[in-house]
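J.: Let me give you the structure first, and then I'll get to my questions.
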Amino acid sequence: MNMDLNRDTQNESDLLSPNIKGNQTAIKVGIDLGTSRSAICTSRGDRMVMASVVGWPKDAVSAKVFGRRVLVGDAVLENRMALKTCFPLKDGNLAFTQADCTDRETMRKAGLHLFTALRQAANPEPHQEVHAVIGAPAEATRENKQAIIDLANEAGIEGVMVVSEPFAVAYALDALEDAMVVDIGAGTIDLCRMAGSLPGAEDQVTVFHAGNHVDARICELIQQERPEIQFTSNMIKQAKERFSSLVDTHKRALVQFPINGRPTEIDITEQITAAVSELVPHITEGIQKLVSTFDPEFQHRIRSRVIVSGGGSQVYGLQEALEKGLEELGGGKVVIVDDAVYAGSQGALKLAQEMPEDYWQQLGEDS
């Protein structure tokens, strides 16, 4: 199915940058802007994922050690003891749009540095324009989408289009009709039903009980049972990503966490399973909302093609758990994407490439 993206069909919930000049040689990129990690795919075939975090040296000593004023990505997590860190996204949105006056400018600068790093990851030639399609949460506010465009433009990305993350996944898989996409991230779970046209606000739902909430819940459960154990949220995240499961297996979640400074083997299988299990009812509730408000003649179609993407899609046993949850709605079929890391950014890139060059140029002439 081909989609003609012109001004008549462009959904007003998606925004476009007015800075586009219509450069035939512009490099095209797709960006999945995530609360925890951001992924980018380029028209040259390059792709990269980085932690969505920015850090500044704490003092003159750390500035000398790093030789840079700002660090972005995984290097920040690896050296966070010597850095002042900032996560520029919260619940999938740019944090500065929700911050008070004290932190607003710092968070805005962090967002700008993240977009600058993403542009550098595209590796454009000197004076080569960059045109990007960027995935945002399904129910992101218009203010947040405009903030994404403004920061991306300021970072040197000349052309920007913002779409919902689950729509980008659907575009990557050509699942543009009779389907529902569930994108499970760190900050949000985004759901979008596809009926053969650009989805509107009524076709999308955002759930804020996502990966970060699971991390916090695991921490809480461990502290309740073993308050003497020492750990960080990053240690919990790594354990969750390695051991997450919704079914009983012989594989135990055995981790080495310190107690009074001494590494000790701890079994946190039950805590991880309990916390991850809390995702399922939130997802099925979102699916039910989108199914129940759809044309009753076609509800069975989207139930029969539920596509799950994002980092949270890798939970062992999730497919079976969701299909069991869908039984109350009359049953359904759930499929987990093959490439959870890059599905969104690959779809965003595909959309950027399939938009005709004269369309980008027309946007610039109309601005």
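J.: In the Gaussian network model of the chain, springs joining C-alpha atoms below 10 Å, which of Arg262, Arg217, Arg301 carries the largest mean-square fluctuation?
T.: Highest fluctuation of the listed residues: Arg262.
J.: If one computes the Cα centroid of the range 172-197 and of the range 102-160, what distance in Å separates the two points?
T.: Their Cα centres are 23 Å away from one another.
J.: Further question on the same structure: Rounded, prolate or oblate: pick one for the range 229-326, where a ≥ b ≥ c are the square roots of the eigenvalues of its C-alpha gyration tensor, a/c under 1.5 means rounded, and failing that, prolate if a/b is larger than b/c, else oblate.
T.: prolate
J.: Over the chain, with a Gaussian network built from C-alpha contacts below 10 Å, which listed residue (Asn79, Asn123, Asn260) shows the highest mean-square fluctuation?
T.: Highest fluctuation of the listed residues: Asn260.
J.: If you take every residue apart from Thr269 with its C-beta less than 15 Å away from the C-beta of Thr269, what net charge results, scoring Lys and Arg +1 and Asp and Glu -1?
T.: Values: positive: Arg217, Arg226, Lys240, Arg242, Lys251, Arg252; negative: Glu225, Glu241, Asp248, Glu265, Asp267, Glu270.
Net charge around Thr269: 0.
J.: In addition: Looking at the chain as a GNM with Cα springs under 10 Å, which of His209, His127, His282 has the largest mean-square fluctuation?
T.: It is His127.
J.: Additional query: Sum up the lysine pairs in the range 28-112 that clear both bars: alpha-carbon distance under 20 Å and a spacing of 8 or more or different chains.
T.: On the way: Lys58/Lys84; Lys58/Lys109; Lys64/Lys84; Lys84/Lys109; Lys90/Lys109.
Qualifying lysine pairs in the range 28-112: 5.
J.: Points 7 angstrom from Cα along the Cβ direction at Asp59 and Val335: gap in nanometres?
T.: My value for the distance between the label points is 5.7 nm.
J.: Assuming R0 = 30 Å, can you tell me the calculated FRET efficiency for the pair Asp100 and Arg68, based on Cβ-Cβ distance, to the nearest 0.05? Please report the intermediate quantities before stating the final value.
T.: Numbers: r = 28 Å, r/R0 = 0.95.
Once rounded, the FRET efficiency stands at 0.60.
J.: Taking the Cα centre of the chain as origin, work out the dipole magnitude from +1 charges on Lys and Arg Cβ and -1 charges on Asp and Glu Cβ, in debye rounded to 20. Walk me through the numbers on the way to the answer.
T.: Working: 35 positive and 52 negative charges, 308 e Å.
In debye, rounded to 20, the chain gives about 1480.
J.: Which whole number in µm²/s is D for the range 211-276 by Stokes-Einstein, with the Kirkwood Rh taken over Cα pairs at 4 °C and 1.567 mPa s?
T.: On the way: Rh = 11.8 Å.
Taking Rh from Cα pairs, D becomes 110 µm²/s.
J.: In the chain, with Lys and Arg counted as +1 and Asp and Glu as -1 at Cβ, which of these residues, Pro137, Ala201, Thr273, has the Cα nearest the positive end of the dipole, that is, farthest along it?
T.: Thr273
J.: By average Cβ neighbour count within 10 Å, what is the ranking of 26-35, 228-237, 286-295 from highest down? Please report the intermediate quantities before stating the final value.
T.: Numbers: 26-35: 26.5, 228-237: 15.0, 286-295: 16.9.
Ranking, from highest mean packing down: 26-35, 286-295, 228-237.
Read-outs: derived from the displayed coordinates by stated rules, not from any lab. Computed from a prediction, not measured in an experiment: that's the story for all the values here. Every residue, glycine as well, gets a Cβ built from its backbone with ideal geometry; the counts of neighbours run over all protein chains shown.
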